[in-house]
Amino acid sequence: MDLGLQKEQFSNAYLCAVAAAAGFQSYKPLPDVDKTDWVIAAPGPKGTVRSPKVEVQLKCTSRDVLRDDHLAFAVDIDTYENLRDPSHMVPKILKVVVVPEDVEDWLMHSEERLALHHCGYWASLRGLPESDNTASVTIPIPRRQQFTVEELAGILDRIATGGAP
């Protein structure tokens, strides 16, 4: 399989694992016509919004993008403009999964543990300014914004009360 497809499948599995552990639904809208790879929803009443949702643009990289306090990830200008647009009814986030260079190091398992390596990070670009760039924009994603069960629950809790991710 092509390495790009492997990264896509691995990042899909990571997203589904976190959403399942959090007790949320995850599904792929087909076809992807609006820079939305996945939708994650909290079923039932939650806050002031019933079944809050977040749309996810999913990326995976093995490049050296980690800095001391953030991830420096470049997205194409169309993706940037779409994700920063505040007029979307359902909020959108960017999720970036960083994997080791060697595919054999992506997954480790035993009878006691299944470990996906390295880590996923998320950012909301909603409301960021327009860019004068014509090709891409590098997004600084704080390393503390790891895509975990707790972070995902917090994102949907904020959306459920009318807030931003």
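Here, each number is a calculation from the coordinates, and none is a lab measurement. Owing to the predicted nature of the structure, the values given are computational and were not obtained by experimental measurement. For neighbour counting, all protein chains shown are included, and Cβ atoms are generated from backbone atoms with ideal geometry for every residue, glycine included.
Taking packing as the residue-averaged number of other Cβ atoms within 10 angstrom, the listed peptides 135-143, 16-24 run from highest to lowest as 16-24, 135-143. For region 55-69, the residues whose amide N sits under 18 Å from a probe point set 7 Å from the Cα of R144 along the beta carbon direction are 67-69. Between D76 and T48, take the C-beta separation as r, use R0 = 25 Å, and let me know the FRET efficiency to the nearest 0.05. Once rounded, the FRET efficiency stands at 0.10. For the chain, the relative contact order is 26 percent, taking Cα pairs closer than 8 Å that sit 6 or more residues apart in sequence and dividing their mean separation by the residue count. Per-residue Cβ neighbour counts within 10 Å put S51, S110 in the sequence S110, S51, beginning with the fewest.
Here the spin labels are modelled as points 7 Å beyond Cα on the Cα-Cβ line, and at R67 and R113 they lie 3.1 nm apart. The gain in end-to-end length when the H88 to L5 segment is fully stretched comes to 27.0 nm, 0.36 nm per residue minus the alpha carbon separation. Only helices enter this figure: runs of n ≥ 4 DSSP H residues, each worth -39500 (n - 2.57), summed and divided by the residues of the chain, yield -7500 deg cm²/dmol at 222 nm to the nearest 500.
Annotation: lysines with alpha-carbon distance below 27 angstrom to K7 (same-chain offsets under eight excluded): K28, K35, K53, K59, K92, K95.
A straight line joining the Cα centroids of region 103-117 and region 13-62 runs 23 Å.
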